[in-house]
Amino acid sequence: MLSIAAADIRIKQYVEDNVPQGHDRPTLGGRILLRKVYNSGAAFGLLHGSPRLVTGLSALLGALLAARDALLLKRRGRILEKTGMALLTGGALSNLSDRVLRGKVVDYFAFGSRWKKWSRLTFNLGDLCIAAGAVLALLGRPAGLPGKKKEHPSGSGNQEQTAYKG
């Protein structure tokens with residue numbers, strides 16, 4: 001989790017220092033575009049005009065994620081869910097760190113595409129980790145609600161049924 005956040009923070013600093021805003025640098029044959037874009041709102045620019053609210057909500061969600069991770073680590077197995085939560089929390093911590101230190105998140109790459117709307121979307125490693133982590137965590141969750149007992153097929157729960165001996 002911390003290595004994901006650290007890697008993303010380092011890449012963001014590289015982009016801050018070396019990529020001029022408003023200039024795309026095509027890489028991998030134009031499939032990936034390196035660019036510098038700032039986002040003071042939430043995902044996709046939501047709440048753009050309320051950066052302090054977004055930072056507060058991000059801090060609250062980060063604390064909840066960290067608490068969830070601590071509880072999850074105590075459980076045996078559930079590797080897929082644990083991996084997903086680590087990715088999700090690492091990405092969230094990286095973006096939270098940007099919000100606290102810079103007042104905005106640095107996004108730095110886009111996918112080159114014929115569709116201009118798709119090419120305009122700009123991400124960072126933290127964003128990808130959040131999305132991939134959420135999917136993995138959901139796929140890794142056990143089915144059903146915790147603590148709920150499975151009902152017997154006859155609908156009688158775990159009670160023994162006795163035949164009438166009349």
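The values are calculated or read from the model by the stated rules, or taken from the named source; none is laboratory data. No experiment lies behind these values; they were computed from the predicted model shown. Every residue, glycine among them, receives a Cβ derived from its backbone with ideal geometry; neighbour counts consider all protein chains shown. Heavy atoms of the whole protein, side chains included, go into the accessibility calculation; ligands, DNA and RNA do not. Shrake-Rupley method; radii C 1.70, N 1.55, O 1.52, S 1.80 Å.
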**Message:** Could you list, ordered by first residue, the pairs with Cβ atoms under 8 Å in which the first is in the stretch 87-107 and of a type outside the set (Asp, Glu) and the second is open to solvent by 30 Å² or more (accessible area, probe 1.4 Å) and in a loop (DSSP other than H, G, I, E, B), at least 6 apart or interchain?
**Reply:** Leu87/Met1; Thr89/Met1; Gly90/Met1; Leu93/Met1
**Fill in**
The residue that is most open to solvent (accessible area, probe 1.4 Å), considering only those in the stretch 40-94 that are charged (D, E, K, R) and within 25 Å of Pro142 (Cβ to Cβ), is Arg76
**Request:** Given the conditions (1) in a helix (DSSP H, G or I); (2) touching an Asp or Glu at 6+ places or on another chain (Cβ under 8 Å), report the number of the one that Leu34 does not fulfil.
**Result:** (1)
**Asked** Are there any pairs, at least 6 apart or on different chains, whose C-beta atoms fall under 8 Å, with the first in the stretch 9-37 and free of Cβ contacts under 8 Å to residues at least 60 places away in the same chain and the second part of a strand (DSSP E or B) and among the β-branched types (Val, Ile, Thr), and if so, which?
**Response** Gln21/Val37
**Prompt:** Can you find even one residue in the stretch 2-19 that is at pLDDT below 90, open to solvent by less than 70 Å² (accessible area, probe 1.4 Å) and either part of a strand (DSSP E or B) or of a type in the set (Val, Ile, Thr) (or both)?
**Reply:** no
